[in-house]
Amino acid sequence: MTYSTILQRLHGGEILVCDGAMGTELQKRGISSGGCSEEYNVTHPGVIRDIYADYFLAGSDMIETNTFGCNRFRLHSHNLEHRLQDLCTHAVALAREAMEIARSNGRNGVLYISGSVGPTGTMLEPVGDALEADVYEAFAEQIAALAAAGVDVIQVETMMAIEEALLAVRAAKEHSALPVIATMTFEQHGSSFSTMWGVSVEDAVRALTDAGADVLGANCGNGFDEMIGIIGAMRPLTDKPILAKANAGMPVMTDGVAVYHETPDIIRPKAERLLDLGVNIIGGCCGTGPDHIRTIRELVTTRNGK
């Protein structure tokens, strides 16, 4: 059912709206950085649920779970690896509650929960000391927990090393029957774009397609202007749906806090340009919040003719 609803909608030409940032929203709501944000699913459930609900009410068709770093490697640094399944389960349960809150406040239409799967924070051999089998098992454990909790899609995101991205996509395909989104984070180098580890847009599209990703794309990075160039390079290379989630520009450190200055009005024409380029799912990353998503929703509703 999930496959048919999400992918058929996309292949039928409908544009979907995803959410904005989680981390910067947590900061805005008084939760200091430095802790384990995934633990907040248990210690601050109301805050997490409110962020989810605010995105649904702003117009997101799909929100990501607060599980970006919910893998055994990242959780180990907080001595929380033994709670991985519990933290994933709480993240999804809060998203379901937020969905009901949104519906009770007039939000209509089919809504989705995307299980966020970020990098492990390790480096694979021979560059680092992480074994491929261990990284694969870490992704498989997280993805199985998210699938069991009831997410509608797996979202592998913010990847920079293609080897790690491919392990995550393979784990998603082998440990769930869900659609798989795979996005990498690119930077501009002259007239081209590549990840911090030197993966070009072309190489990413080819490798992720071969691995079986259902939706490709890019997230994070330096802002909507850069994302326009990335998607402009990516769209001619694939007929798969493309997701774009850009930051609200480059952050400026103010009193030790990263502040993003691209307002919803500033990103409006840039988001419109991304839609012109053929993006199928659009949202925001660091620095974007419900107001940014509300602006994107207005643009997408016009494009969808609804």
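Bear in mind that the values in this text are calculations on the coordinates, not laboratory data. Only a predicted model underlies this, so the values are computations on that prediction, with no experimental measurement involved. So basically every Cβ, Gly included, is an ideal-geometry build from the backbone, and we count neighbours across all protein chains shown.
For residue 189 and residue 78, the FRET efficiency from 1/(1 + (r/R0)^6), where r spans their Cβ atoms and R0 equals 41 Å, is about 0.75. In plain terms, the chain from residue 255 to residue 268 could stretch by 1.9 nm, reckoned as 0.36 nm per residue minus the Cα-Cα distance. Only beta bridges with both residues in segment 107-239 are counted; by DSSP, about 25 percent of them are antiparallel.
Roughly how many whole Å is it from the C-alpha centroid of segment 222-252 to that of segment 77-137? Going from one Cα centre to the other spans 23 Å. Helix screen, the chain: DSSP H segments with Cα axial length of 30 Å or more and mean Kyte-Doolittle hydropathy at least -0.5 are 84-104. Once a ≥ b ≥ c are taken as the square roots of the eigenvalues of the Cα gyration tensor of segment 22-88, is the result rounded (a/c under 1.5), prolate (a/b larger than b/c) or oblate (a/b not larger than b/c)? Prolate. Dipole magnitude for the chain: about 940 debye, using +1 per Lys or Arg Cβ and -1 per Asp or Glu Cβ, origin at the Cα centre.
Each of residue 202 and residue 225 was given a label point 7 Å from its Cα along the Cα-to-Cβ line. The distance between the two points is 2.6 nm. To the nearest Å, what is the center-to-center distance of segment 29-69 and segment 279-304, using C-alpha atoms only? If we compute the Cα centre of each part, the gap is 18 Å.
Among beta bridges identified by DSSP and lying wholly in the chain, the antiparallel ones come to about 20 percent. Taking 0.36 nm per residue of separation and subtracting the Cα-Cα distance, full extension of the segment from residue 43 to residue 170 would add 42.5 nm.
Average 1/r across all pairs of distinct alpha carbons in segment 15-150, invert it, and you get the Kirkwood radius: 15.5 Å. Sparsely packed loop sites in segment 87-116 (the trypsin sites (Lys or Arg not before Pro) outside DSSP H, G, I, E and B with at most 12 other Cβ atoms within 10 Å) do not occur.
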